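Since the structure comes first, as structure tokens, the remarks are kept for the end.
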Amino acid sequence: MPADYHLHGLGHEGPPHNVERLLPFARAAHRAGLTEIGFAEHDFYLADLDFDVFARLEQCGQIKVRVGLEVDFSPDKQHWQELDGRPWDYLIGSVHAIGDWAFDYPGEEGGFASRDIDTIYADYFALVGRAAATGLFQIIGHLDLIKIYGHRPRQPVVELAEPALQLIAASGAVLELNTAGLFKPVAEIYPSPELLARAFELNIPVTISSDAHAPEEVGRQRAQAVEILRRIGYNCLATFCRRQMFTEPLA
């Protein structure tokens, strides 16, 4: 049951949230051979979501549709109660900012030159670990997004990420193998092979996602992601329904 759980039907443009807007994603996924997709809009669009849309989309899109949300984790952003009472199949916890520095936003690249790179990585992974420790998230998004512009730490990245990986393993959360990194300046899937290998040692499950913000990006470079997982030793992928994890053979 090939699935892609990280689709942004609203992209960065916002509402309306309707079948007409999402249907091109479902059709693209069907053409790509996927049998299940999940929309995980950014949480700042939460109030704009029409949850009736997903059932109607499933009826006309020839594909199973799951309901998710990508939550931009910050210790200061405590709006978890707003997530209650909604029919989530999964929640993705992602870190896009360190303090008030939104490091992956266009125009924010200069922050890397003004800070110690190992400290940046350590601070970033500390936030990822705190996200996992909440127990709120079924998926941890793009584990090493901090490498987006190609900046590499002096210290081995596995050492810097180890506390976060331990917390992810303890939480039962899944890592996504996110192919969007191939289309960023770093030109590498998130997470890197060495981080993925350590996740495998810790028995952390995985899923494959495209982080698509446009229909033509759905399922992109999935075959490359599958090959990476096979080389490391993974033979199954996580799937989700009502915030419960299941596994399917790697395909």
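The values are calculated or read from the model by the stated rules, or taken from the named source; none is laboratory data. On a predicted model such as this, the values are computed, not experimentally measured, just so you know. Positions of Cβ are generated from backbone atoms using ideal geometry, with glycine treated the same way; all protein chains shown enter the neighbour counts.
Would you check if Tyr234 is more than 26 Å from Asp43 (Cα to Cα), touching a residue at least 24 places away in the same chain (Cβ under 8 Å) and surrounded by 17 or more Cβ atoms within 10 Å (Cβ to Cβ)? Yes: the conditions hold for Tyr234.
Does Ile140 fit the bill of being out of contact with any Leu (no Cβ under 7 Å at 6 or more places or on another chain), crowded, with 17+ Cβ neighbours inside 10 Å and hydrophobic (A, V, I, L, M, F, W, C)? Give the steps one after another, and end with the answer.
Details: out of contact with any Leu (no Cβ under 7 Å at 6 or more places or on another chain): no; crowded, with 17+ Cβ neighbours inside 10 Å: yes; hydrophobic (A, V, I, L, M, F, W, C): yes.
Spelling it out, it is not the case that Ile140 is out of contact with any Leu (no Cβ under 7 Å at 6 or more places or on another chain), crowded, with 17+ Cβ neighbours inside 10 Å and hydrophobic (A, V, I, L, M, F, W, C).
Exactly one condition in (1) modelled with pLDDT of 95 or more; (2) in contact with a helix residue (DSSP H, G or I) (Cβ under 7 Å, 6 or more places away or on another chain) is not met by His6; state its number. Condition (2) is where His6 drops out.
Scanning the stretch 41-54 for residues that are under 22 Å from Ser209 (Cβ atoms) and among the hydrophobic types (A, V, I, L, M, F, W, C) yields Phe44, Leu46, Leu49, Phe51, Val53, Phe54.
Number of residues in the stretch 166-180 that are out of contact with any His (no Cβ under 9 Å at 6 or more places or on another chain), among the hydrophobic types (A, V, I, L, M, F, W, C) and either surrounded by fewer than 20 Cβ atoms within 10 Å (Cβ to Cβ) or not in a strand (DSSP E or B) (or both) equals 5.
Every test in (1) assigned to a loop (DSSP other than H, G, I, E, B); (2) within 15 Å of the chain's Cα centre (by Cα) is passed by Ile208 save one, and that test is (1).
Give the stretch 217-236 a look and list any residue that's touching a strand residue (DSSP E or B) at 6+ places or on another chain (Cβ under 8 Å), of a type outside the set (S, T, N, Q) and either at positive phi or not in a helix (DSSP H, G or I) (or both), or say none. Don't jump to the end; show me each part of the working.
Looking only at the stretch 217-236, we keep the residues that are touching a strand residue (DSSP E or B) at 6+ places or on another chain (Cβ under 8 Å), and these are 218-220, 222, 225-226, 228-229, 234-236.
With of a type outside the set (S, T, N, Q) added as a condition, the list becomes 218-220, 222, 225-226, 228-229, 234, 236.
Hits for the stretch 217-236 are Val218, Gly219, Arg220, Tyr234, Cys236.
In this entry, Arg31 is excluded by the filter for residues that are under 28 Å from Gln81 (Cβ atoms), surrounded by fewer than 18 Cβ atoms within 10 Å (Cβ to Cβ), out of contact with any Asp or Glu (no Cβ under 9 Å at 6 or more places or on another chain) and basic (Lys, Arg). In the list Gly99, Gly110, Gly141, which residue meets the criterion of being under 24 Å from Ala212 (Cα atoms) and not aliphatic (A, V, I, L, M)? Gly141 is the lone residue from the list that is under 24 Å from Ala212 (Cα atoms) and not aliphatic (A, V, I, L, M).
This table checks each residue for (1) outside any helix (DSSP H, G or I); (2) surrounded by fewer than 22 Cβ atoms within 10 Å (Cβ to Cβ).
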residue: Cys60; (1), (2): no, yes
residue: Val65; (1), (2): yes, no
residue: Gly68; (1), (2): yes, no
residue: Pro75; (1), (2): yes, yes
residue: Glu82; (1), (2): no, yes
residue: Gly93; (1), (2): yes, no
residue: Tyr105; (1), (2): yes, yes
residue: Ser114; (1), (2): yes, yes
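Checking each residue in the stretch 181-193 for being in a helix (DSSP H, G or I) and without any contact (Cβ under 8 Å) to a residue 40 or more places away in the chain picks out Gly181, Phe183, Pro193.
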